[in-house]
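Structure, as structure tokens:
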Amino acid sequence: MNRIELLPDHVKRTIAAGEVVEGPFSVVKELLENALDAHAGEIEVEIAEAGLKKIAVRDNGEGIVRDDIPLSVMEHATSKIRTAGDIETIQTFGFRGEALSSISAISRLTILSRTGDAPLGGRLLCREGSIDMGDYAGPRGTMVIVENLFYNTPARKKFLKGRAAEIKNIKSVFLKIALAHPSVRFTLVSDGKRELALEVSGSVGERIEQIYGKGVTGSLYHERLSDIRASIHGFLSAPDFLKSSRSMQVLFVNDRLVEYRYMGFLLSRGYEAIAPRGRHPAAILFLDVDPGLIDVNIHPAKREIKFFDQRYIDSLIQGLCRKALDRTAHRLTGRAFRQAAGPDAQIPRPPSSYDAEDAHGTGERAAGQESFQVYPSPAGADALLVPPIDPLHVAPGLFVREGNPGVHDAAARDGFRVLGVAFASYIVFESEGALHVMDFHAAHERIIYDRIMSRTEEEVTQELIFPHVLALSIEEYDSVIEHRERLGEIGFDIDPFPDHSVVVRGVPAALGRADMDTFFRDLVEALKNGTEADIEGRAAETVACHAARRAGDALSMDEAERLTSEALSGRHDLRCPHGRPFLYKMGKKDIERMFRRS
Ligand SMILES: Nc1ncnc2c1ncn2[C@@H]1O[C@H](COP(=O)(O)OP(=O)(O)OP(=O)(O)O)[C@@H](O)[C@H]1O
Ligand SMILES: [Mg+2]
């Protein structure tokens, strides 16, 4: 074993820097927060090569007093607190006096700054531990330039995720911080291209629209809860605005962007009554709390904070969800009332906005509805009446196929007789020796999906007479543009349009007359989490889901027969694209046994 020695200062600083600076996005976050602490009204971020070559953040804030500039890169040097106790009443983002010092240990750092009352500002060059001061004659404010990040920590550089992922992280932190500061103008330039520009806006709601797309606040409820010790307000999903990822869940505590590890869980619990599996509410939440009730100093990058009374905070978040869902309850009750209004009442097709929630592809909103079982089950025959959801829960042999894709009972294929449509959802047909119940939405989805994916149709694209302009969030815009060509292969014709919008000129012919707004909202959502490999499948699934006849649609006998014939043609797997079986078979023998006839 070697002798113990104290590490030299520069090694200590390099190691410590690793805790504060996880990637280029951390530098962007620290510099943005410094600019906000300096009360800037305008902040410009410029990055080159995903921030590894250069990150420059310019603000028009208060600036640093010239003589203090060299201090700003020293360890534990800060203008924001004076005593440890100050942390308990902290109003600024920074307080550790560590960010610039850490960044300077692993990059080439330049600071240009001038305060409003000084005729001349200062310029600091910080290179490999030595500093050099000069004059700066620029406008009031500060510009921090970070070059060659991680040049002396190759291991950290190696573990970065690749350029696209790092840019995505930078954009994400940039947009989240911008969310809480609508009165500040933010711009982001990447490799010379102006990527994001957020003009000053009047409210958080407006800022949300700038970031997530025009009109998006129409799908969010703004709720507020106040208490003596804390208050919380935020924008939460309406039921037709559930997302397939948690990327739109953000928490600010006293305007500080923080990660709260239970937030996703709390929101899922809050929305469990209406959110199917895999769907998540958006929640942009602002918690204002007495600084004495939180500890902001538990993480070197200030990413997490500690709540002294976590249950209290959890109850506020849950209370806010409840408030949002109370509105939903009124909407659902209204619908239920219409549905229950008797045979003369018009049976409403589920509003298209509800389709967005249809993650399992059932084609209907099942909330609060009775399950499949309508008759009391005779003793011993329970297995027959279990809803046909999970093959594992059904007596073996009751499903038409088990691990035998695409092959159907020959008798049913050749000669079937449709008996009718039950519950406006299932085609019931008889074939030799068996009774079949087929979920027609799921079957139709499968047929459409196969048709799109096989690309045998001559006319795959249906030109839109009126091209459709879609206002997207920046993130959504990026994913649509990224997958534009692949989407083109299955019939979409999409072009970029100003202000992170796209113009859609053509859609797959199979889409028919689906509602374009809801369709595209779902499509964009599906694409966001897709990989290059599964993008066409995801898009085809979404088209199929929107184009397929839905539960509740009136289906004529003729349509029922054609659909049954195609579904049983042997060309299709007997599962919907999401993998749910759509055909349930009861053999004559099984029925006889149920009635104790055999
Ligand atoms: N953009 C800026 N405008 C004005 N002053 C700045 C700016 N950036 C840094 N400073 C000054 O430099 C000091 C050091 O900045 P640094 O980010 O290292 O520490 P901090 O913000 O005080 O704490 P933390 O490490 O928690 O961020 C700050 O306290 C502030 O006085
Ligand atoms: Mg700071």
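The values are calculated or read from the model by the stated rules, or taken from the named source; none is laboratory data. A quick note: this is a predicted structure, and the numbers were derived from the prediction, not measured. Quick reminder, even Gly has a Cβ in these numbers, built from the backbone with ideal geometry, and neighbours come from all protein chains shown.
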Inset, instruction - State whether one or more residues within the stretch 153-169 are touching a residue at least 12 places away in the same chain (Cβ under 8 Å) and more than 31 Å from the chain's Cα centre (by Cα). - result: yes
Inset, instruction - Tell me which of these residue 64 doesn't satisfy, since it passes every other one: (1) more than 11 Å from ligand 1 (Cβ to nearest atom); (2) buried (at least 19 other Cβ atoms within 10 Å of the Cβ). - result: (1)
Inset, instruction - May I ask you to say which residue of 242, 198, 225, 266 is in contact with a Cys (Cβ under 9 Å, 6 or more places away or on another chain) and of a type in the set (A, V, I, L, M, F, W, C)? - result: 266
Inset, instruction - With the condition kept exactly as written, say whether any residue in the stretch 237-252 is surrounded by 22 or more Cβ atoms within 10 Å (Cβ to Cβ), closer than 23 Å to residue 314 by Cβ and out of contact with any strand residue (DSSP E or B) (no Cβ under 8 Å at 6 or more places or on another chain). - result: yes
Legend entry - Residue in the stretch 72-93 that is closer than 15 Å to residue 145 by Cα, within 16 Å of ligand 2 (Cβ to nearest atom) and surrounded by 23 or more Cβ atoms within 10 Å (Cβ to Cβ) present: yes
Legend entry - Residues being within 13 Å of ligand 2 (Cβ to nearest atom), in contact (Cβ under 8 Å) with a residue 40 or more places away in the chain and within 35 Å of the chain's Cα centre (by Cα) - total across the stretch 94-129: 9
Inset, instruction - Consider residue 134 carefully, then state whether it is part of a strand (DSSP E or B) and out of contact with any helix residue (DSSP H, G or I) (no Cβ under 8 Å at 6 or more places or on another chain). - result: yes
Inset, instruction - Examine the stretch 459-466 for a residue that is surrounded by 21 or more Cβ atoms within 10 Å (Cβ to Cβ) and among the hydroxyl-bearing types (Ser, Thr, Tyr), and state whether such a residue exists. - result: no
Legend entry - the stretch 96-131, subset surrounded by fewer than 19 Cβ atoms within 10 Å (Cβ to Cβ), away from ligand 1 (no atom under 13 Å from the Cβ) and under 14 Å from residue 72 (Cα atoms), residue modelled with the lowest pLDDT: 129
Inset, instruction - Output the residue which, of all residues in the stretch 31-57 that are within 16 Å of ligand 2 (Cβ to nearest atom) and charged (D, E, K, R), is nearest to residue 79 (Cα to Cα). - result: 37
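For the stretch 58-77, indicate whether the set of residues that are within 32 Å of the chain's Cα centre (by Cα) and in a loop (DSSP other than H, G, I, E, B) is non-empty.
Keep residues of the stretch 58-77 that are within 32 Å of the chain's Cα centre (by Cα), which gives 58-59.
Still in the running and in a loop (DSSP other than H, G, I, E, B): none.
No, the stretch 58-77 has no match at all.
Any idea which of 22, 44, 5 is buried (at least 18 other Cβ atoms within 10 Å of the Cβ) and of a type in the set (Asp, Glu)?
Values: 22 fails: buried (at least 18 other Cβ atoms within 10 Å of the Cβ); 5 fails: buried (at least 18 other Cβ atoms within 10 Å of the Cβ).
Only one candidate qualifies: 44.
What's the total number of residues in the stretch 1-57 that are in a strand (DSSP E or B) and touching a Phe, Trp or Tyr at 6+ places or on another chain (Cβ under 9 Å)? Even if it seems obvious, please write down each step before you answer.
Narrowing the stretch 1-57 to residues in a strand (DSSP E or B): 42-48, 54-57.
Retained after the next criterion (residues that are touching a Phe, Trp or Tyr at 6+ places or on another chain (Cβ under 9 Å)): 42-45.
Matching residues across the stretch 1-57 total 4.
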Inset, instruction - Give the stretch 272-293 a look and list any residue that's surrounded by 20 or more Cβ atoms within 10 Å (Cβ to Cβ) and modelled with pLDDT of 90 or more, or say none. - result: 281, 282, 283, 284, 285, 287, 289
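Could you go through the stretch 554-563 and let me know if any residue there is under 9 Å from residue 443 (Cα atoms) and part of a loop (DSSP other than H, G, I, E, B).
Filtering the stretch 554-563 down to residues under 9 Å from residue 443 (Cα atoms) leaves 563.
Subsequent filtering for residues that are part of a loop (DSSP other than H, G, I, E, B) retains none.
The answer is no, given that none of the residues of the stretch 554-563 is under 9 Å from residue 443 (Cα atoms) and part of a loop (DSSP other than H, G, I, E, B).
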Inset, instruction - Among the numbered conditions (1) at pLDDT 95 or above; (2) of a type outside the set (Lys, Arg); (3) out of contact with any Pro (no Cβ under 8 Å at 6 or more places or on another chain); (4) away from ligand 1 (no atom under 14 Å from the Cβ), tell me where residue 39 comes up short. - result: (4)
